[in-house]
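**Student:** Below is one structure. I have some questions about it.
The values are calculated or read from the model by the stated rules, or taken from the named source; none is laboratory data. No experiment lies behind these values; they were computed from the predicted model shown. Cβ coordinates were reconstructed from backbone atoms using ideal geometry, including for glycine residues, and neighbour counts include every protein chain displayed.
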Amino acid sequence: MKFLDECKIYVRSGDGGSGCVSFRREKYIPLGGPDGGDGGRGGDVIFEADAHLNTLIDFRYTQHFRAKRGGNGMGKQRTGRSADDLIIRAPVGTIIRDDADGEILADLTEPGERIVVARGGQGGRGNLHFKTSTNRAPRRSDPGREGEELWLRLELKLLADVGLVGMPNAGKSTLISKLSAARPKIADYPFTTTTPNLGVVRADIDRSFVMADVPGLIEGAGDGAGLGHRFLKHIERCAVLLHLVEIDGLEDFDPVARYQTIEAELTKYAPTLASKPRLLALSKIDLLEPEDREVVLGWFRDRLGDDLPPIFLISSTSGEGLDHLRMTLAERVEAWRNAMGESAHDALMDAPTKAGRGAVAEAVAEDAWDDDEDDADEDGVECIWVRE
């Protein structure tokens, strides 16, 4: 499954049905009054958050969505049939914007959440409504009102508790494959990861969290270099950042500079990222002797001083330090959730929803997660498997 996180689509709600011009004609009542019914309501266009989806790829092949028109009114005061609403399913974490002005119409953060983006037109009035004391046989009716139409821009921001960042080939994909059951592509060359990967990390029987591995960042990523803005947005909602720096030798190697480069790019992209809680993990330490490890730690302490986050020495190959890192991440995520006082997904909303054009948000309480979904394709998001 290909990963697509931005797209543009056209939606139009249904027109209302036309009112009817009709007169009562029955035996012995040849000159009955008007009895034309009203037209039916046009269908609404509704977005629904679907936890089984993790990409916007379906919108690449279908970009125009039109709800049906309401039925016309009929004689004997019969109202036309209201059209069915058009339900468009999108992944949880999708932001819906009006393409004309960029206004946020909705931020779908809960499975089953619904938002009406275009209201169907009202049905027209039948001639029964136009009867007056001076016009007993009106031959007038209203056409149905037109539906709303607009171009929308959909933007997917993955919902995860922990965001995994670092330079290319730092071992991020290997780490997430060890902590969870996600199976991203792993190879010994830079930029192996080209799409985000999600995995559920089980800390213990009662605690788990979602980790997101985004493609490697380079200098200038905050300005769009490399994969740049394309994937930095996926860590904006994370509660904790885990910065991974590889340690594969001491000659001609400056891990502190690598750390500072990525931190500067995160701050440049979004200042809010600089204030997020973070942990620093030095990977591939199995390649260093014990005395060399202390040398590297000394570099970080001397050059970062009070800005040094909690630091962990890990090896995804040998498993050294992974249990301690897993439990610490779980504690940080749990503390963040408790501090927010709301569910994790409620807290992940980074901006209030603006319901434009009469849009109405409707929360639907249902647990739609499906752990049996087959997400093994390399080109898609690895979501969501749990390692017990």
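**Student:** Residues to consider are Ile314, Ile285; find the one that is touching a strand residue (DSSP E or B) at 6+ places or on another chain (Cβ under 6 Å), assigned by TED's automatic domain parsing to the domain that holds Asp248 and at pLDDT 90 or above.
**Tutor:** Values: Ile285 fails: at pLDDT 90 or above.
Matching residue, one of Ile314, Ile285: Ile314.
**Student:** Can I ask one more? Kindly indicate whether any position in the stretch 253-265 is of a type in the set (Gly, Ala, Ser), in a helix (DSSP H, G or I) and at pLDDT below 90.
**Tutor:** Checked against the condition, which is being of a type in the set (Gly, Ala, Ser), in a helix (DSSP H, G or I) and at pLDDT below 90, the stretch 253-265 yields at least one hit.
**Student:** So, in the stretch 266-282, of the ones that are surrounded by fewer than 20 Cβ atoms within 10 Å (Cβ to Cβ), in contact with a Leu (Cβ under 9 Å, 6 or more places away or on another chain) and in a helix (DSSP H, G or I), which residue ends up modelled with the lowest pLDDT?
**Tutor:** Across the stretch 266-282, the extreme among qualifying residues is Ala274.
Yes or no, residue by residue, for (1) out of contact with any Leu (no Cβ under 8 Å at 6 or more places or on another chain); (2) more than 24 Å from Ala160 (Cβ to Cβ); (3) touching a residue at least 60 places away in the same chain (Cβ under 8 Å):
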{"position": "Ile9", "(1), (2), (3)": "no, yes, yes"}
{"position": "Asp15", "(1), (2), (3)": "yes, yes, yes"}
{"position": "Cys20", "(1), (2), (3)": "yes, yes, yes"}
{"position": "Glu26", "(1), (2), (3)": "yes, yes, no"}
{"position": "Ala49", "(1), (2), (3)": "no, no, yes"}
{"position": "Gly70", "(1), (2), (3)": "yes, yes, yes"}
{"position": "Arg89", "(1), (2), (3)": "no, no, no"}
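**Student:** Tell me which of these Ala106 doesn't satisfy, since it passes every other one: (1) among the small types (Gly, Ala, Ser); (2) in contact with a strand residue (DSSP E or B) (Cβ under 6 Å, 6 or more places away or on another chain); (3) farther than 30 Å from Pro196 by Cβ.
**Tutor:** (3)
**Student:** Name the residues in the stretch 1-47 that are within 30 Å of Leu108 (Cα to Cα), charged (D, E, K, R) and surrounded by 18 or more Cβ atoms within 10 Å (Cβ to Cβ), would you?
**Tutor:** Residues satisfying the conditions are Asp5, Arg12, Asp15, Arg41, Asp44.
**Student:** Before we move on, is Ile87 surrounded by fewer than 20 Cβ atoms within 10 Å (Cβ to Cβ) and at pLDDT 95 or above?
**Tutor:** yes
**Student:** If the Cβ limit is 8 Å and pairs must be 6+ apart or interchain, which residue in the stretch 258-269 that is assigned by TED's automatic domain parsing to the domain that holds Val296 pairs with which residue that is of a type in the set (Phe, Trp, Tyr) and buried (at least 18 other Cβ atoms within 10 Å of the Cβ)?
**Tutor:** Close Cβ pairs satisfying both conditions: Tyr259/Phe300.
**Student:** For Gly199, state whether it is at pLDDT 75 or above, surrounded by 22 or more Cβ atoms within 10 Å (Cβ to Cβ) and within 24 Å of Ser315 (Cβ to Cβ).
**Tutor:** The answer is yes for Gly199.
**Student:** Select from the stretch 294-311 the residues that are in contact (Cβ under 8 Å) with a residue 24 or more places away in the chain and in a helix (DSSP H, G or I) and write down the one among them that is surrounded by the fewest Cβ atoms within 10 Å (Cβ to Cβ).
**Tutor:** In this case the residue turns out to be Val295.
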